[in-house]
1. Packing-wise, with mean Cβ within 10 Å as the measure, how do 180-192, 47-59, 139-151 rank, highest first?
2. ILE39 versus ALA224, label points 7 Å from Cα toward the beta carbon: distance in nm?
3. Loop-only trypsin sites (Lys or Arg not before Pro) in segment 181-267, please: DSSP not H, G, I, E or B, and at most 14 other Cβ atoms within 10 Å.
4. Which value, in Å to one decimal place, does the Kirkwood hydrodynamic radius take for segment 95-272 when every pair of different Cα atoms is included?
5. Ranked highest first by the average count of other Cβ atoms within 10 Å around their residues, in what order do 63-71, 107-115 fall?
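Read-outs: derived from the displayed coordinates by stated rules, not from any lab. This is a predicted model, so every value here is computed, not measured. Here the Cβ positions follow ideal geometry from the backbone for every residue, glycine too, while neighbour counts run over all protein chains shown.
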Amino acid sequence: MLPRIGDSLSFLYLDIVRLHQDDTGVCAVITTEERGTEIVYLPTAALSCLMLGPGTSITARALTTLARHGTTVVCTGAGGVRCYTATTPSSLTTRWLEHQARAWADDEQRLVVAVRMYEQRFGADAAPHAPTLAQLRGLEGQRMKALYRLLAQQHRIGRFRRTYDPEQWEAQDPVSLALSAANTCLYGIVHATITALGCSPALGFVHSGNQQAFVYDIADLYKADLTIPLAFSLHNSDHPEQQARRSFRDGLRLFKLMPRIAADIQRILDPQRAADVQEPEEQLVDLWDPVSGPIPGGINYAADAP
């Protein structure tokens with residue numbers, strides 16, 4: 001059996017390689033002057049997100065295998081610091097997509113889901129009774145300022161202000177560079193988990209108007225615990241982007257991020273069903289019926305015809 005999304009490896013970053021499919025599996029061909037040509041086979045069935053940097057090429061057969069195994073392929077900039085596009089693998093079920101679409105299309109339910117997201121970031125006890133989104137955005141803004149101030153004091157780097165300027169990338173400070181690199185890795189992992197559950201990355205509840213809106217929603221739940229402290233710890237690094245990716249990947253083994261993302265998405269969309277959810281080994285496509293709702297597919301209903 002293929003592993004579930006919660007058991008998958010987090011991500012693998014590759015650049016200056018050629019990926020193709022042979023009789024054994026998907027492999028990366030690396031050619032250097034020092035070591036000649038090397039072939040490394042990828043664990044596609046156990047890999048959640050494959051990040052392709054500059055200088056990579058991939059064949060149609062290899063991309064088909066990755067899609068069949070549910071591996072999200074993300075095309076990034078140099079060092080994985082920007083996400084340009086990502087594939088969407090097929091999923092066994094649309095159950096969670098339907099939950100997401102219903103909640104997103106209903107303004108009241110969308111507000112409920114957005115409140116759940118904000119409350120998870122700073123705790124339900126810290127939120128006012130019947131909060132508005134404006135109040136929650138204000139609380140989140142205060143929380144982030146306090147976190148930046150605390151981490152700056154701990155690392156003795158003076159006053160810190162987050163900067164992001166793609167046009168002058170190298171001119172940014174090491175903390176901002178490391179944070180951008182780590183966040184891109186986080187977005188790829190979250191995107192992979194969302195699509196593996198069958199949800200839409202575009203239907204966001206806090207963010208809106210972008211194909212990655214729901215990715216940003218979910219990623220924001222973990223930045224204060226993962227990417228922001230990591231970025232501040234690399235304030236003296238000569239290669240903050242590279243170290244951020246490596247340290248982030250190592251930290252995921254302890255944080256167990258993949259199963260946590262899957263569980264959080266299910267709980268945020270439908271807390272009652274998430275408590276009892278069990279992933280089926282196999283699920284056939286259902287048929288829609290306006291009277292009885294979804295009915296099993298794969299059955300000949302000729303006897304029921306008038």
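1. Ranking, from highest mean packing down: 180-192, 47-59, 139-151.
2. 5.0
3. Counting only loop positions with at most 14 other Cβ atoms within 10 Å, the trypsin sites (Lys or Arg not before Pro) in segment 181-267 are LYS256.
4. Evaluated on segment 95-272, it is 17.2 Å.
5. Packing order, densest peptide first, comes out as 63-71, 107-115.
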